[in-house]
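Colleague: Starting off with a structure, shown below.
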4 protein chains.
Amino acid sequence: MKKLLITGFQPFGGETVNPALELVKQLAGKNINGYEVVAREIPVVRYEALDAVRSAVDEISPDAVIIVGQAGGRPDITVERIGIDVDDFRIPDNKGNQPVDEPVAKDGPIAYWATLPIKKMVANMKAAGIPASVSNSAGTYVCNHLLYGTLHLLATAGKAHIPAGFVHIPYLPEQMAVRKGIESQYPTMGVETLVKGFTAMIEALD
Amino acid sequence: MKKLLITGFQPFGGETVNPALELVKQLAGKNINGYEVVAREIPVVRYEALDAVRSAVDEISPDAVIIVGQAGGRPDITVERIGIDVDDFRIPDNKGNQPVDEPVAKDGPIAYWATLPIKKMVANMKAAGIPASVSNSAGTYVCNHLLYGTLHLLATAGKAHIPAGFVHIPYLPEQMAVRKGIESQYPTMGVETLVKGFTAMIEALD
Amino acid sequence: MKKLLITGFQPFGGETVNPALELVKQLAGKNINGYEVVAREIPVVRYEALDAVRSAVDEISPDAVIIVGQAGGRPDITVERIGIDVDDFRIPDNKGNQPVDEPVAKDGPIAYWATLPIKKMVANMKAAGIPASVSNSAGTYVCNHLLYGTLHLLATAGKAHIPAGFVHIPYLPEQMAVRKGIESQYPTMGVETLVKGFTAMIEALD
Amino acid sequence: MKKLLITGFQPFGGETVNPALELVKQLAGKNINGYEVVAREIPVVRYEALDAVRSAVDEISPDAVIIVGQAGGRPDITVERIGIDVDDFRIPDNKGNQPVDEPVAKDGPIAYWATLPIKKMVANMKAAGIPASVSNSAGTYVCNHLLYGTLHLLATAGKAHIPAGFVHIPYLPEQMAVRKGIESQYPTMGVETLVKGFTAMIEALD
């Protein structure tokens with residue numbers, strides 16, 4: 001059976017939960033579209049995030065890689081089109097790193113296209129009744145760091161044939177339930193909806 | 001066993017689904033907090049909406065009344081504080097009525113407070129991890145028409161002791177999944193999350 | 001010449017500026033549509049706000065009263081339709097008062113309609129190219145306190161013939177310029193646009 | 001005196017006005033920070049937009065190039081960091097072209113960094129009280145087409161030393177004033193505020 005490596009970040013930015021981690025725990029061990037889903041937890045730390053993906057790729061030899069992260073404020077599941085060669089952290093990562101306009105990889109190209117079938121993934125989710133769209137920016141924080149870094153890693157390791165990319169998901173309901181006032185007025189998506197969406201998304205893989 | 005009348009509107013405004021109707025179908029027949037939940041479908045039509053509630057109250061003799069409607073664009077479950085004596089429809093209702101600045105009831109007071117324990121309902125939902133808040137406006141469309149009208153009906157029929165009010169809910173995911181571009185970028189809430197929220201909400205009733 | 005009393009609140013909630021105050025300073029002394037505009041600054045304090053309006057009304061004997069407040073997060077100029085008899089402050093006022101579900105006036109009606117020509121005011125602003133709409137809730141903070149309180153004051157003082165109401169305005173650009181990240185992503189409106197809008201709005205008065 | 005080429009797009013997508021065009025008309029002919037501002041109008045048409053910039057560059061020999069476009073829905077002035085090699089138009093351009101996932105330039109790199117001092121431009125605007133931020137995506141419509149295309153043009157013509165980039169601006173107030181309901185609830189920025197912002201921004205150029 002083929003293997004899908006799916007990763008979820010640990011909580012960051014003062015949150016006690018990360019929707020990505022909650023989601024990948026739900027998907028771990030499932031068989032979807034001929035893929036065994038293997039889940040891994042990733043630290044929200046520059047370079048360490050990438051080390052964790054590198055180890056998982058070496059260990060699992062996946063046939064596809066989907067990195068999942070939280071995009072607080074977005075209302076739908078967004079599949080990233082591109083990772084760019086910049087680390088420009090608005091807030092420190094979980095070990096206090098806060099690079100400004102530094103490259104992810106000094107010797108890398110300016111950007112990599114995600115190699116997942118992003119349009120088909122979005123179409124499948126929408127057909128399943130789950131709000132989804134293509135995004136053209138994964139930001140410049142650890143999410144983009146890991147997207148770009150993973151694509152660079154695969155490209156330089158002769159593994160560019162492994163489809164890889166990044167999917168951003170909204171806040172979970174429980175994250176907004178503990179807030180008050182205007183800070184609580186961001187969109188959320190429940191885990192059940194996320195699982196339905198990701199199941200449809202994984203059906204889009206070859 | 002006590003009875004809770006919970007109503008959901010039919011689709012309107014070009015939508016093929018109304019989250020309120022989908023939700024109350026899920027709740028119908030459940031026993032929660034000592035209440036048997038009795039669900040009714042309501043037309044999005046001025047006065048006819050109110051006739052439907054009047055008939056249901058007469059038939060069921062409920063111990064509490066919760067009217068549910070869609071508030072497209074809001075991210076959380078909002079419990080309305082007040083209904084006001086005005087019909088000012090931005091779009092026609094499902095029979096083409098479009099009153100401008102007309103009263104709901106010519107002989108009524110300017111407004112009624114909802115008689116549900118709105119603060120406790122919100123607190124219960126938040127404690128259960130569901131985003132919720134008090135709202136101070138149910139608008140001036142059929143939602144407010146039915147909120148004000150029901151409170152006026154109960155007050156003038158000597159039934160003001162029956163707690164009654166209105167709860168607005170976000171779009172369902174499937175409603176945004178069929179849209180494109182910026183029109184698709186509104187918050188949604190899945191039925192599973194809504195059911196959890198309403199279960200916690202009903203636990204707040206005496 | 002007729003007199004228009006227009007009031008602006010002092011800064012609150014950690015802000016160093018209040019767009020309402022900046023706006024009314026610009027309008028002070030102008031003659032618009034046969035009205036001399038008389039501006040007054042209002043403390044963001046329960047009851048004291050109302051005392052300030054009462055004094056101004058006694059002193060000026062205005063022919064119309066427009067109270068202006070900040071509605072952070074709204075993108076357009078909103079003319080309030082109704083004030084309701086509740087003080088339910090999410091944050092303390094500038095003297096630390098934070099009432100929960102208390103009445104503005106114990107002996108007052110549940111609500112008052114604003115007595116300004118709200119629809120014509122909105123139409124005039126839109127015709128002048130300024131985004132505007134009717135709002136059905138002034139919240140439950142000092143803004144609604146002063147709206148309800150002023151209408152109650154005029155009604156109980158035999159001055160209900162003086163048109164009075166409340167207009168909410170967005171953040172100023174400079175308020176968002178000092179913020180970072182997602183907290184900076186709220187709509188703003190410049191003073192020039194506000195002045196154009198209010199000039200068109202005042203043209204709607206009889 | 002140095003020359004700054006600043007371009008504004010024609011209206012598109014059903015709008016009768018484009019804020020970018022209105023803005024550059026205001027800036028045309030001004031002298032700011034030692035630059036004479038030369039404004040040009042650009043068609044919202046694939047390739048033709050780029051032809052217009054190429055001609056202007058040849059004619060004017062500018063010392064810096066700022067392309068301005070509308071980003072409906074954004075609340076602040078956003079300076080783009082990167083242009084990417086893809087045309088993926090959600091709506092047709094003004095001549096009906098609607099490419100899907102096609103390159104801007106078949107022989108170009110995957111992306112170009114904008115060569116303007118984007119961080120300093122944002123900092124200058126914020127210091128002047130104008131909301132501004134760096135954006136990491138100019139989308140995949142004619143805006144990004146022209147950003148990427150201009151940077152590619154300059155790079156391949158031996159003119160990479162000319163700082164060039166793209167600035168997105170919000171809707172104008174008059175664009176929302178003609179809309180109704182939820183479609184009118186997007187942020188706007190008045191021309192006066194835009195002019196202040198761009199003046200501060202141009203002060204950031206060397």
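Colleague: Does B:E59 satisfy the criteria of being over 26 Å from A:P173 (Cβ atoms) and free of Cβ contacts under 8 Å to residues at least 24 places away in the same chain? Write out each step before concluding.
Modeller: Details: over 26 Å from A:P173 (Cβ atoms): yes; free of Cβ contacts under 8 Å to residues at least 24 places away in the same chain: yes.
For B:E59, the condition - over 26 Å from A:P173 (Cβ atoms) and free of Cβ contacts under 8 Å to residues at least 24 places away in the same chain - is met.
Colleague: Does any residue of segment D:28-37 turn out to be in contact with a Pro (Cβ under 7 Å, 6 or more places away or on another chain), modelled with pLDDT of 95 or more and open to solvent by less than 60 Å² (accessible area, probe 1.4 Å)?
Modeller: no
Colleague: Within the group A:T140, A:T156, A:T150, which residue is open to solvent by 30 Å² or more (accessible area, probe 1.4 Å), out of contact with any Lys or Arg (no Cβ under 6 Å at 6 or more places or on another chain) and polar (S, T, N, Q)?
Modeller: The unique qualifying residue is A:T156.
Colleague: Also, quick follow-up: Kindly indicate whether B:D51 is under 26 Å from C:V86 (Cβ atoms) and open to solvent by 10 Å² or more (accessible area, probe 1.4 Å). Walk me through how you get there before you give the answer.
Modeller: Values: under 26 Å from C:V86 (Cβ atoms): no; open to solvent by 10 Å² or more (accessible area, probe 1.4 Å): yes.
No: the conditions fail for B:D51.
Colleague: Since A:T193 meets every condition but one in (1) within 9 Å of chain B (Cβ to nearest Cβ); (2) within 17 Å of A:L5 (Cβ to Cβ); (3) of a type in the set (S, T, N, Q), which condition does it not meet?
Modeller: So A:T193 meets the others, but not (2).
Colleague: Are any residues in segment C:57-90 closer than 21 Å to C:A155 by Cβ, more than 11 Å from the chain's Cα centre (by Cα) and crowded, with 20+ Cβ neighbours inside 10 Å, and if so, which ones?
Modeller: Passing the criteria: C:V57, C:P62, C:A64, C:R81, C:I82, C:G83, C:I84, C:D85, C:V86, C:D87.
Colleague: If you don't mind, another one. Can you run down the residue pairs with Cβ atoms below 7 Å, 6 or more apart or on separate chains, where the first is in segment A:121-150 and closer than 25 Å to B:S184 by Cα and without any contact (Cβ under 8 Å) to a residue 40 or more places away in the chain and the partner is open to solvent by less than 20 Å² (accessible area, probe 1.4 Å) and part of a helix (DSSP H, G or I)?
Modeller: Matching pairs, first to second residue: A:K126/B:A177.
Colleague: Further question on the same structure: Being free of Cβ contacts under 8 Å to residues at least 60 places away in the same chain and either among the polar types (S, T, N, Q) or under 14 Å from D:N33 (Cα atoms) (or both) is the filter here, so list the residues in segment D:187-206 that pass it.
Modeller: Residues of segment D:187-206 that are free of Cβ contacts under 8 Å to residues at least 60 places away in the same chain, as a first pass: D:188, D:190, D:192.
If the condition is that a residue be free of Cβ contacts under 8 Å to residues at least 60 places away in the same chain and either among the polar types (S, T, N, Q) or under 14 Å from D:N33 (Cα atoms) (or both), then D:T188 is the only one that fits.
Colleague: Between C:K3, C:K95, which is touching a residue at least 60 places away in the same chain (Cβ under 8 Å), open to solvent by 60 Å² or more (accessible area, probe 1.4 Å) and over 30 Å from D:Y171 (Cα atoms)?
Modeller: Checking each option against the conditions leaves just C:K3.
Colleague: Right, another one. Which condition number does B:I202 fail, the rest of (1) within 11 Å of another protein chain (Cβ to nearest Cβ); (2) surrounded by 19 or more Cβ atoms within 10 Å (Cβ to Cβ) being met?
Modeller: For B:I202, the exception is condition (1).
Colleague: Now for a different question. Kindly indicate whether C:V44 is farther than 19 Å from C:M121 by Cβ, away from every other protein chain (no Cβ under 14 Å), open to solvent by less than 30 Å² (accessible area, probe 1.4 Å) and outside any loop (DSSP other than H, G, I, E, B).
Modeller: Working: farther than 19 Å from C:M121 by Cβ: yes; away from every other protein chain (no Cβ under 14 Å): yes; open to solvent by less than 30 Å² (accessible area, probe 1.4 Å): yes; outside any loop (DSSP other than H, G, I, E, B): no.
Here the answer is no, as C:V44 does not meet what is asked.
Colleague: Identify the residue in segment C:159-199 that is of a type in the set (S, T, Y) and farther than 28 Å from A:I91 by Cα and, among all such residues, is most open to solvent (accessible area, probe 1.4 Å).
Modeller: The qualifying residue most open to solvent (accessible area, probe 1.4 Å) is C:T199.
Colleague: Let me ask you something else. Of all residues in segment A:170-182, how many are modelled with pLDDT of 95 or more and out of contact with any Lys or Arg (no Cβ under 8 Å at 6 or more places or on another chain)?
Modeller: Of the residues in segment A:170-182, 7 are modelled with pLDDT of 95 or more and out of contact with any Lys or Arg (no Cβ under 8 Å at 6 or more places or on another chain).
The values are calculated or read from the model by the stated rules, or taken from the named source; none is laboratory data. Not measured: the values here are computed from a predicted model. Here the Cβ is made from the backbone with ideal geometry for all residues, glycine too, and neighbour counts use every protein chain on show. We work out accessible area using only protein heavy atoms, side chains counted, and drop any ligands, DNA or RNA first. Shrake-Rupley method; radii C 1.70, N 1.55, O 1.52, S 1.80 Å.
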